[in-house]
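Below is one structure, written out as structure tokens; comments come after it.
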Amino acid sequence: MNGNRTTNFRHKLRLHETDTMSDRLRSRRPRCTTQRQDRNLVRNHMNNRYLSASASASSRQTRGRNNQRISANTVRRLLSTSGQRAHRPYIGPILTQRHRQQNRLWAQEHAAWDCIQWRRVIFSDKSRFCIDQADGRVRVWRRSGESKQIALGNTTGGVEHLC
């Protein structure tokens, strides 16, 4: 066997003691919340989707076992394991089936346009670029695959690009 002698000795000893080479179970850090508190946190975020994890963690109502404070990362981890992710809220018009059909027809009518015709068209959209990580936007907690239109914000038109 190649490798360090001490490591080989430990592996041989573990194989002799447990008849397996898999790792032993290790103790983890004790949970700071109960399962009931976890369910309440998830329910609060489902009822108020604009509630941030840090606001939820700093709330007086959100305390862990022995009245200890819960970190925002604990709340984020809990929401993530429940299938929720933080998204930017959907901002834009709600497109109905009729709108989609009209957009498709418009695209089919203009599919054969050449560059000269497209040069006369003015595209107007709102562009937004961020240099650093914090963009100052409110996030909405949604489950993956859940409709964006559940937690609608402002319904103004326009396209926004973000880094």
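Structure summary
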read-out	value
Karplus-derived HN-Hα couplings along region 69-76 (A = 6.51, B = -1.76, C = 1.60, θ = phi - 60°), whole Hz, x at Gly and Pro	6, 10, 7, 5, 5, 5, 5, 4
Approximate spin-label separation Arg100-Asn8, in nm, with each point projected 7 Å along Cα-to-Cβ	6.5
For region 11-62 and region 86-125, distance of Cα centres in Å	45
Cα pair distances in region 1-53, grouped into 10 Å bins until the bin that holds the longest one, percent each	19, 24, 15, 14, 19, 10
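Quick note: the coordinates plus some simple rules give every number you see, no bench work behind them. Since this is a predicted model, take the numbers as computed values, not measurements. For neighbour counting, all protein chains shown are included, and Cβ atoms are generated from backbone atoms with ideal geometry for every residue, glycine included.
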